[in-house]
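The values are calculated or read from the model by the stated rules, or taken from the named source; none is laboratory data. Note that this is a predicted model, so its numbers are computed, not measured. Cβ atoms come from the backbone with ideal geometry, glycine included; neighbour counts cover every protein chain shown. What goes into the accessible areas is simple: the full protein's heavy atoms, side chains included, and nothing from ligands, DNA or RNA. Shrake-Rupley method; radii C 1.70, N 1.55, O 1.52, S 1.80 Å.
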Amino acid sequence: MGHTRLDKIISLQRNPANIRNICILAHVDHGKTTLADCLVASNGIISSRLAGKLRYLDSREDEQIRGITMKSSAISLHYGDGDKDYLLNLIDSPGHVDFSSEVSTAVRLCDGAIIIVDAVEGVCPQTQAVLRQAWLENIRPLLVINKIDKLIVQLKLTSQEAYNHLQKILEQVNAVTGSLFTSKVLEERAEKEQEEKDSKSLDDIYEWSAGLEHADDSNLYFSPDQGNVVFASAIDGWGFRIQHFAHIYSQRMGIRVEVLLKTLWGDFYLNAKAKKIMKGAQAKGKKPLFVQLVLDNIWSLYDAVVTKRDKEKVEKMVESLDLKVMARDLRHSDPKVLLGAICSQWLPVSQAVLSMVCEKLPSPLEMTTERVEKLMSVGARRFDSLPDQTQELKKAFLQCSSEEDAPIIIFVSKMFAVEAKALPQKKQRLLTQEEIAQRRELARQRHAERMAAVQIAESQKDVAPSERMQHTIQPGGDSTAKVESQTGGELPEEESKDTFIAFARVYSGLLKKGRSVFILGPKYDPARGLDMLPEGCSASDSLPAVPHLSCCSVESLYLLMGRELEELEEVPAGNVFGIGGLEEYILKSATISTSPACPPFTPLNFEATPIVRVAVEPKHPSDMPKLVLGMRLLNQADPCAEVLIQETGEHVLVTAGEVHLQRCLDDLRDRFARIEISASKPIIPFRETVVRPPKLDMVNEELGKQQKVAIIHQVKEEVCQGRLSENMHVEPSGLVTLSTSNRVATVGVRAIPLPQEVTSLLDGSSELIRTLEHVNMSLREGKNLEVSPRTQETIAGFKAQLEGLLQGRKWRNAVERIWAFGPRRCGPNILLNSIDGYQRPSVWQCLERGENTTEDGGQASVLRDFDNSIVSGFQLATLSGPMCEEPLMGVCFSVEKWVHSNTQLQHQDSSEDSCSSNEAILGNKAESTSESSVQAEDKTAGPSQGRHRADVASVDCYGPISGQLIAAMKDVCRHAFQAQPQRLMAAMYTCEIIATADVLGRVYGVLGKREGRVLHEEMKEGTEMFLIKAVLPVAESFGFADEIRKRTSGLASPQLVFSHWEVISSDPCWVPTTEEEYLHFGEKADSMNQALKYMNTVRRRKGLYVEEKIVEHAEKQRTLSKNK
């Protein structure tokens, strides 16, 4: 197919029925970009000989150097199938786990995906991840089994062995898809059962298999006879579906195409005598039809061209296939060139893949109702709970209309940076005949001026040298000024500046240049927007300010053509394209619409979590403004990177992994900041926790009760030395009591370790806890916040899970007594209210749909104000623990005592409030009593006293008493934490390595050296490859991939994904006491306390005190004078 013109693609954009939006997904190095090259070559954009070598869609320099894709790139292709013309918007995505966020941005804009699987390696970890992402976005996948040439050339399998191997790969892929389908069916069934729970009787029989039997999974699995599988070798340029061979053999053998389609793949063989296709090839030891009619031909071609290089046989094959091969290809020394020339004509991979895409994938018009509702349902809100005007937009999605009156709905999945000189407006265009004539005339005039200047200089030879110099310089100066005025002095800066383009898709409407649209942020609420805006308004009107909604005009539209951009005047519905000029309005992703009723789309599903962070600073302090601007641009350009400023003032960059970090630093240095920068060593996140008292110490000796006695003795010692205040008391049970510095209030707190399951649940439910806190805050402020039934169901389910996990005597009614979560009010730590007689509003009050009012409401309001101080102290304590100022995780702080001294409290209030009346002062004196607990005050307080105390407390809410209570609460939590066995928690990667048996020992050696732990290993069936699954601390992961590649000579490469937090078993505070312990774990010991090493590293980085000797292993030193 020749080169497709731009006007052809623009005309195809108007017919959404023939548009296919597809992305290519696979594990790293499975051949995505090579296949994309073959598809691009089919449009004549690149030479078919360069396909696989050029990697056209890898436009970055570091992508070409590393040989991996780092960003998703789009290109529009034309494909003609008979009398039909199709437009394919193809997006190539990365396979490396560090860039899985780019996969999410690509999948959201597509209706189908091509899943590529390596024929040798089979289903790999990232293959499962991309299948899951495609499933979550409700897009239809197709399968390409690539690199089949390796089975012939490298593994040297026979055609029968290769067939068995391909069958196993298909089974593996279908097993992953089946597990996703099963989980979905079971979830739907659970929801349905919950709805019908009330109507069901107790006598009903529970059917375990109900749901799966009736679910339709006929079109779910990959099978060659369904036409959704291509067998290919993209590097050699060939690929086929069994439909291709079915049509060929139907003509030759006289068997119907339908029969061949059903029997070419499976346990069927050809009975030569009866000339029939029969079943049971494996049982009868016959060659399956697929091997006999398909694979044997390919194997014999490779045997003739690559292995034996038999020219006569090759010529016969070329002649029988009716192909035309150039003489230079036949004479070429590299057999792969000849193989490519034959295969690209016989079984072109682009033809097989594109025909499958057009036939099997849906057009934008065929978007399912389920997918539309899922896109429009933000957070925990149901589609039914959205406003009526919003629900009406569902029709616009399904119609995908490009009419003038259709509402415009666009989703921007990411912003990407492009150099200004690469924009179509800056490109050199072909000149017209008139412009050429004008330039020719201008050049003649300049030449005449120069000749005239030379003649003047020659005629004035007798003039003085200084005067002659002035005359000769004059014309030159004028011409220089002219050149400057034509080019403009600012041009280099403008060309070097980066412009941001939005990577988007139109779901409905016709977007034109200059059209005014609404930009909807991720937190935009359509119900609130419709209430605040006048009915029938448009983005061009002057409108009141609405939260998370802004208006802008579309400046420019672009057709994405890989490395190039083409300018467009308008974009109809169903197309993937680029929008310029939105960098001021969109940070990373957004929804664009002409209707304020449109909801923001659901957030993208990111597989990788940003965990690796570094502090960045400029080498020259004067460049700090450039660094700040550069980091802001980097944050906008990368979907996964995060930029933040820590409390210490450090500018921190957070990335998904080591490769991602390197790319971000290179971009910051070379593109966005354009300054020299220095990056710190990676900042490793840790968490601090407490555990149940261990029975054995570091040398496996029984502890007994000595640990608690040692802790109490240590605390008393610290009090004597003045390191702790005398206001603190530590009980043997672990309860720590502390009074404020002015002795007004006393707080008693106990630290209890949370079960691991509870910690995991809290950590995974942070968004839900944040929503719960937001609802509770609104209720406390007296606002009536509407909570959708779905959100209430989710919160009720979360509460039920907590109740199920917190069982036992010490956790009795613990869920009802939860005071707050922390840090940041949504973390994996709990504050429990264990104070006798203190009834405060529950955190679950949104489920109760009613406020609990008591008779002593005045006293409750006083406590509620101070209650906030207790919560604030808890938040500060959990944000930075005592070990190394890292956040706490999995700790429950139970407040068991909270006592006020009214005399000092009221005396302090009255002394500070100089403007208070005499009546109020007399009231204070009359009410002053001795120290009493909270419940005593509740019983004795009268109505007038309660009102007065409420006023005092409201004044004091931000006064010194509140501040001292916050500080006391923070300190008592820290000391309660230290009264329990402390441990450090490390962030852990799941490490999956594919390696051969030869290098297995070396892989284990590298893992052992870096504190890794192998979970399991399994041999991939039909190959010599082992899949090793291990966990590895993030702190030990830097340089791990490079080291493992060096040690294994490149035969093994790891994939690291953040998995969980794990407690480090060793005690960082343990000190050897006996001589034996000192030898094993002392200063000169071979083994090191890993937790202590990590803790000291963090403390040193933060500038905290580290207990270590400056001089180690020093010998006795004598001066020279003594040696005389």
Flag for residue 261 being touching a Phe, Trp or Tyr at 6+ places or on another chain (Cβ under 7 Å) and closer than 18 Å to residue 230 by Cα: no
Residues (closer than 23 Å to residue 285 by Cα and either buried (at least 17 other Cβ atoms within 10 Å of the Cβ) or of a type in the set (Asp, Glu) (or both)) located in region 250-275: 260, 261, 263, 264, 265, 267, 268, 269, 270
Any hit, region 39-54, residues being in a helix (DSSP H, G or I) and β-branched (Val, Ile, Thr): yes
Wholly within region 965-1050, strands (runs of 3 or more DSSP E) carrying at least 3 residues that are under 31 Å from the mean Cα position of the chain (by Cα) and either among the small types (Gly, Ala, Ser) or over 30 Å from residue 166 (Cβ atoms) (or both): 982-996, 1025-1033
Breaking point among (1) open to solvent by 20 Å² or more (accessible area, probe 1.4 Å); (2) more than 13 Å from residue 76 (Cβ to Cβ); (3) more than 27 Å from the chain's Cα centre (by Cα), for residue 65: (3)
Complete set of residues in region 1-50 that are modelled with pLDDT under 90 and of a type in the set (Asp, Glu): 7, 29
Hits in region 276-309 - residues which are among the polar types (S, T, N, Q) and open to solvent by 40 Å² or more (accessible area, probe 1.4 Å): 282, 292, 297, 307
Residue count for region 1-42, restricted to those that are under 30 Å from residue 397 (Cβ atoms) and either out of contact with any Lys or Arg (no Cβ under 8 Å at 6 or more places or on another chain) or among the hydrophobic types (A, V, I, L, M, F, W, C) (or both): 23
Candidate set from region 49-60 (those that are crowded, with 19+ Cβ neighbours inside 10 Å and touching a residue at least 40 places away in the same chain (Cβ under 8 Å)); member that is farthest from residue 102 (Cα to Cα): 51
Qualifying strands (runs of 3 or more DSSP E) (wholly inside region 784-900; at least 1 residues being at pLDDT 90 or above, of a type in the set (S, T, N, Q) and in contact with a strand residue (DSSP E or B) (Cβ under 8 Å, 6 or more places away or on another chain)): 829-833, 891-900
Residues of region 641-692 classified as part of a strand (DSSP E or B) and among the β-branched types (Val, Ile, Thr), total: 9
Residues being part of a loop (DSSP other than H, G, I, E, B) and either in contact with a Lys or Arg (Cβ under 8 Å, 6 or more places away or on another chain) or buried (at least 16 other Cβ atoms within 10 Å of the Cβ) (or both) - total across region 538-568: 8
Within region 279-381, helices (runs of 4 or more DSSP H) holding 1 or more residues that are at pLDDT below 90 and either farther than 29 Å from residue 401 by Cα or not hydroxyl-bearing (Ser, Thr, Tyr) (or both): 281-284, 311-320, 327-331, 335-346, 369-376
Residues being more than 15 Å from residue 613 (Cβ to Cβ) and either surrounded by 19 or more Cβ atoms within 10 Å (Cβ to Cβ) or basic (Lys, Arg) (or both) - total across region 628-658: 6
Qualifying positions in region 17-40 - open to solvent by 20 Å² or more (accessible area, probe 1.4 Å) and on the phi < 0 side of the Ramachandran plot: 17, 18, 28, 34
Long-range neighbours under 8 Å by Cβ, at least six apart or interchain, first residue over 19 Å from residue 41 (Cα atoms) within region 69-80, second part of a loop (DSSP other than H, G, I, E, B) and at pLDDT 90 or above: 70/94; 71/94
Pick from region 576-601, criterion assigned to a loop (DSSP other than H, G, I, E, B) and of a type in the set (Phe, Trp, Tyr), ranking: farthest from residue 642 (Cα to Cα): 601
Residues (under 22 Å from residue 764 (Cβ atoms) and of a type in the set (A, V, I, L, M)) located in region 779-826: 787, 795, 796, 800, 802, 805, 806, 814, 815, 818, 820
Those residues of region 73-95 which are within 18 Å of residue 56 (Cα to Cα) and either open to solvent by 10 Å² or more (accessible area, probe 1.4 Å) or part of a strand (DSSP E or B) (or both), in sequence order: 73, 74, 75, 76, 77, 78, 88, 89, 90, 91, 92
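Each row is one residue, and each column tells you yes or no for (1) over 24 Å from residue 589 (Cα atoms); (2) in contact with a Phe, Trp or Tyr (Cβ under 6 Å, 6 or more places away or on another chain); (3) open to solvent by less than 80 Å² (accessible area, probe 1.4 Å).
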site	(1), (2), (3)
388	yes, no, no
395	no, no, no
401	no, no, yes
405	yes, no, no
411	no, yes, yes
Pair list, Cβ < 8 Å and 6+ apart or interchain, from region 728-740 residues that are open to solvent by 30 Å² or more (accessible area, probe 1.4 Å) to residues that are among the hydrophobic types (A, V, I, L, M, F, W, C): 729/736; 729/738; 732/709; 732/712
Search result, residues across region 632-661 that are closer than 25 Å to residue 65 by Cβ and out of contact with any strand residue (DSSP E or B) (no Cβ under 9 Å at 6 or more places or on another chain): 659
Qualifying position, being modelled with pLDDT of 90 or more and over 27 Å from the mean Cα position of the chain (by Cα), among 535, 570, 555: 570
Answer residue from region 964-1016, given it is out of contact with any strand residue (DSSP E or B) (no Cβ under 7 Å at 6 or more places or on another chain) and open to solvent by less than 30 Å² (accessible area, probe 1.4 Å) and is farthest from residue 760 (Cα to Cα) among those: 999
